[in-house]
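Step one of this worksheet: look at the structure below.
The values are calculated or read from the model by the stated rules, or taken from the named source; none is laboratory data. Nothing here was measured: the structure is a model prediction, and the numbers come from that model. Neighbour counts are summed over all protein chains in view; Cβ atoms, including those assigned to glycine, are modelled from backbone coordinates with ideal geometry. Accessible surface is based on the protein model in full, side chains and every heavy atom, while ligands, DNA and RNA are left aside. Shrake-Rupley method; radii C 1.70, N 1.55, O 1.52, S 1.80 Å.
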Amino acid sequence: MRTSRVLSWSVAASGGYETAWVEDGDGVLRARGRAVGTTPAPYWVSYELDAVDGFVTRRLRVTVETAERTRSLDLRHDGRGGWTADGEPLPGFDGALDCDLGLCPLTNTMPVLRHGLHRGPGERRLLMAWVSVPALTVRPSWQTYTYLGPGRKGTRVRFGSGSLRSDVEFDADGYVVDYPGLATRLV
């Protein structure tokens with residue numbers, strides 16, 4: 001069964017806010033979102049995300065607008081391990097199933113849902129197609145998600161990438177409620 005929801009976060013890391021309109025269920029997550037940030041300079045972000053077949057990213061379309069210019073990115077995963085950015089092959093992403101849009105708490109949801117880390121013990125080290133904001137560059141990013149147990153507002157999962165570590169709280173449906181240093185859910 002699919003459900004629809006609207007999620008909004010205060011995003012401390014960007015000095016802004018994000019709202020996503022999400023449809024999920026049966027291994028599918030589709031979302032469209034908008035964010036505004038003020039760090040490092042004011043910008044707007046619009047995105048559309050399609051994750052299917054066990055919450056595996058198939059497409060992320062992103063547009064960033066700044067005072068100087070507008071950038072767009074069409075990131076695609078072919079379902080067999082190949083990634084492209086604006087139609088050009090991306091080497092070095094073999095095994096990556098997910099995108100991770102920088103400063104966006106929504107894209108932490110797919111690996112948590114796929115592996116049930118909001119419901120029970122486990123740890124996963126995963127390769128992501130990480131997209132920087134506002135530059136929209138794509139690079140490989142190894143990330144680790146580790147179930148920690150109940151928290152104040154849901155389930156705590158430790159996120160790690162490089163030297164960054166954060167104990168993120170997810171709600172019962174697998175969406176970020178509190179990501180210290182990044183975002184806090186408003187609705």
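General observations
So that you can scan it fast, the table gives a plain yes or no per residue for (1) under 13 Å from the mean Cα position of the chain (by Cα); (2) crowded, with 22+ Cβ neighbours inside 10 Å; (3) without any contact (Cβ under 8 Å) to a residue 60 or more places away in the chain:
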{"position": "Pro91", "(1), (2), (3)": "no, no, yes"}
{"position": "Ala96", "(1), (2), (3)": "no, yes, yes"}
{"position": "Pro150", "(1), (2), (3)": "no, no, yes"}
{"position": "Thr155", "(1), (2), (3)": "no, no, yes"}
{"position": "Gly162", "(1), (2), (3)": "no, no, yes"}
{"position": "Gly174", "(1), (2), (3)": "yes, yes, no"}
{"position": "Gly181", "(1), (2), (3)": "no, no, no"}
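- On inspection, Thr84 qualifies as open to solvent by 30 Å² or more (accessible area, probe 1.4 Å), polar (S, T, N, Q) and not in a loop (DSSP other than H, G, I, E, B).
- Residues in region 94-109 that are assigned to a loop (DSSP other than H, G, I, E, B) and modelled with pLDDT of 95 or more: Ala96, Leu97, Gly102, Leu103, Cys104.
- Answer from Arg119, Arg114, Arg124 - the residue that is open to solvent by 30 Å² or more (accessible area, probe 1.4 Å) and in contact with a helix residue (DSSP H, G or I) (Cβ under 6 Å, 6 or more places away or on another chain): Arg124
- The set of residues in region 53-81 that are of a type in the set (D, E, K, R) and surrounded by fewer than 20 Cβ atoms within 10 Å (Cβ to Cβ) comprises Asp53, Arg58, Arg59, Arg61, Glu65, Glu68, Arg69, Arg71, Asp74, Asp78, Arg80.
- Candidate set: region 1-45, residues that are touching a strand residue (DSSP E or B) at 6+ places or on another chain (Cβ under 7 Å) and among the charged types (D, E, K, R); chosen: the one nearest to Asp98 (Cα to Cα): Arg30
- Residue check, Gly54 outside any strand (DSSP E or B), under 18 Å from Thr3 (Cβ atoms) and touching a residue at least 24 places away in the same chain (Cβ under 8 Å): yes
- Of the criteria (1) assigned to a loop (DSSP other than H, G, I, E, B); (2) touching a Lys or Arg at 6+ places or on another chain (Cβ under 9 Å); (3) among the small types (Gly, Ala, Ser), which one Ser72 fails: (1)
- The set of residues in region 98-111 that are open to solvent by less than 20 Å² (accessible area, probe 1.4 Å) and more than 15 Å from Leu127 (Cα to Cα) comprises Cys104, Pro105, Leu106.
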